[in-house]
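Peer 1: Provided herewith is a single structure, encoded as structure tokens, for subsequent inquiry.
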Amino acid sequence: MIQPLRHVAEMDLYALAAVTDAEDARLVSLAQNESLRAPSPLAVAAANYTLSNGAAYPDPDWNKLRSALASRHGLTADNILCGAGSMELIAALAQCFLDGEHHALASEYSYAFFETAVARVGSRLLKAKEAAFTVNIRSLIESVTAQTRIVFVANPGNPTGTRIPTRDLLALRAALSHDILLVIDEAYGEFTEGLDAPTFDMVETGNTVVLRTFSKAYGLAAMRIGWGYFGPPICAHLRKVLNPNNINSASQAAATAAVLDDAYMRETTRLTSEIRDRFQVSLMQLGYAPPPSCANFILIPFASAEKAAFAQQRLYDGGFILRGMSGYGLPDCLRATISSEHHMQGVINILKSLRHQGDTI
Ligand SMILES: *Cc1c(COP(=O)(O)O)cnc(C)c1O
């Protein structure tokens, strides 16, 4: 029987969340950090419009989308690359810069796909300790070795939701040597806009890249589209390992219209943050201690893995799918995506009933 390469044979399959069964309208998925709102109606209309021209290949250079993004963020369009989800860009970065001789570094509780992307190219992901569910710059710097080629940070972090101030990222960059790429994954960056200086300027100085996605604040997870800002030499190499024609025309049109409908996205982040902050307060009133989230989800620590699993089952029975965190090394936590006020109240009611049954949290 033919065998794959050893590093592939040894890999685990990437664990996606249990997806809501479309037939089972009773279940609400709070497991994948999807937006609480449908995409902008302008994005939907733009995507629909492309379908009649479906016989043609999409624009391989994503020109309209790149110029919309460039003017929205004040960037150089040529230094933007788009991926079939930012996952494609993360994987392409690993392919460009890592192999069996070199490794990547991330924080203790970081985005699970970093690990997969690194394993796919036969490399390894080392983890730096964090405290209070927050990336510790010092510990990252101390964990760098001569074989480190990429440092991945998600900001805000997933699954923690906590934020790294831009000045800490600048300190991290300054401490890393020039042959180490710093990847700042801002999948939830739209939720913190205005709170701190944007990190795009760090890209201009080289060896730092910033990734964004349309899957979260823009509500376009189904369309599989993300983008990143890269220094020109990195752009040129990365492009070689991306699929040509990687993003279909409907997704490009939807994303472009979504960028232009800025007010819609801002309303989504405003609404999400409001519901999130109230949910956070309710959790604290029940005695939980969730780390302060700057994204569209909240990490809920329980007293033990058993209690987390028990609560997860009760929530499921009550119609809510929360993400178990064993795959993230946090078996005592559940992660709840922020949905409508009504749904979040439903979650709180179930957690409250667990308490009333005399159970500790
Ligand atoms: C959701 C998420 C992504 C994946 O985004 P896609 O664009 O849907 O591939 C990347 N990074 C982090 C930290 C995420 O939470």
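The values are calculated or read from the model by the stated rules, or taken from the named source; none is laboratory data. In this text, all values refer to a predicted model and were calculated from it rather than measured experimentally. In this analysis, Cβ positions are derived from the backbone assuming ideal geometry, glycine residues included, and neighbour counts consider all displayed protein chains.
Peer 1: If you take the residues of segment 281-294 that are touching a residue at least 24 places away in the same chain (Cβ under 8 Å) and over 21 Å from the mean Cα position of the chain (by Cα), which of them is farthest from Asp332 (Cα to Cα)?
Peer 2: Among those residues, the one meeting the criterion is Ser282.
Peer 1: When you scan segment 61-76, do you find a residue that is among the hydrophobic types (A, V, I, L, M, F, W, C), within 16 Å of the ligand (Cβ to nearest atom) and either within 16 Å of Leu182 (Cβ to Cβ) or under 16 Å from the mean Cα position of the chain (by Cα) (or both), even just one?
Peer 2: no
Peer 1: Would it be correct to say that Val347 is more than 30 Å from Leu126 (Cβ to Cβ), in a helix (DSSP H, G or I) and in contact (Cβ under 8 Å) with a residue 60 or more places away in the chain?
Peer 2: Yes; evaluated as a whole, the condition is true for this residue.
Peer 1: Let me ask something else about it. Only one residue in Arg323, Arg270, Arg278 is basic (Lys, Arg) and free of Cβ contacts under 8 Å to residues at least 40 places away in the same chain. Which one?
Peer 2: Checking each option against the conditions leaves just Arg270.
Peer 1: Right, here's the next one. Out of curiosity, is Leu42 more than 16 Å from the ligand (Cβ to nearest atom), surrounded by 18 or more Cβ atoms within 10 Å (Cβ to Cβ) and at pLDDT 95 or above?
Peer 2: no
Peer 1: Can you list residue pairs whose Cβ atoms sit under 6 Å apart, with the first residue in segment 181-193 being modelled with pLDDT of 95 or more and the second being assigned to a helix (DSSP H, G or I) and charged (D, E, K, R)? Count only pairs 6 or more apart in sequence or on different chains.
Peer 2: Leu182/Arg173
Peer 1: Restricting to segment 180-194, and then to whatever is farther than 24 Å from Pro233 by Cβ and not hydrophobic (A, V, I, L, M, F, W, C), can you tell me which residue is farthest from the ligand (Cβ to nearest atom)?
Peer 2: Result: Gly194.
Peer 1: Hey, another quick one. I need the full set of residues from segment 213-224 which are within 8 Å of the ligand (Cβ to nearest atom), under 17 Å from Asn158 (Cα atoms) and touching a residue at least 60 places away in the same chain (Cβ under 8 Å), in order please.
Peer 2: Thr213, Ser215, Lys216, Ala221
Peer 1: Scan the strands (runs of 3 or more DSSP E) fully inside segment 89-179 and keep the ones with 1 or more residues being under 24 Å from Ala197 (Cα atoms) and either touching a residue at least 60 places away in the same chain (Cβ under 8 Å) or within 16 Å of the ligand (Cβ to nearest atom) (or both).
Peer 2: Qualifying strands (runs of 3 or more DSSP E): 103-107, 148-154.
Peer 1: Just wondering, is there one or more residues in segment 4-22 that are of a type in the set (S, T, N, Q), within 24 Å of the chain's Cα centre (by Cα) and modelled with pLDDT of 95 or more?
Peer 2: Taking every residue of segment 4-22 in turn, none turns out to be of a type in the set (S, T, N, Q), within 24 Å of the chain's Cα centre (by Cα) and modelled with pLDDT of 95 or more.
Peer 1: While we're on this one: Of all residues in segment 225-251, how many are more than 19 Å from Asn155 (Cα to Cα) and in a strand (DSSP E or B)?
Peer 2: Of the residues in segment 225-251, 0 are more than 19 Å from Asn155 (Cα to Cα) and in a strand (DSSP E or B).
Peer 1: Any residue in segment 24-52 that is closer than 18 Å to Thr269 by Cβ sitting within a Cβ distance under 8 Å of a residue that is of a type in the set (S, T, N, Q) and surrounded by fewer than 15 Cβ atoms within 10 Å (Cβ to Cβ)? List the pairs, counting only those 6 or more apart or interchain.
Peer 2: Leu36/Ser340
Peer 1: Restricting to segment 116-131, name every residue that is of a type in the set (A, V, I, L, M) and within 16 Å of Ala154 (Cα to Cα).
Peer 2: Within segment 116-131, Ala117, Val118, Leu125, Leu126, Ala128, Ala131 meet the criteria.
Peer 1: Now a separate question. Select from segment 45-59 the residues that are exposed (fewer than 13 other Cβ atoms within 10 Å of the Cβ) and assigned to a loop (DSSP other than H, G, I, E, B) and list them in ascending order.
Peer 2: Listed by number, the residues that qualify are Gly54, Ala55, Ala56, Tyr57.
Peer 1: Looking at segment 272-286, is at least one residue outside any helix (DSSP H, G or I) and farther than 17 Å from Leu36 by Cβ?
Peer 2: yes
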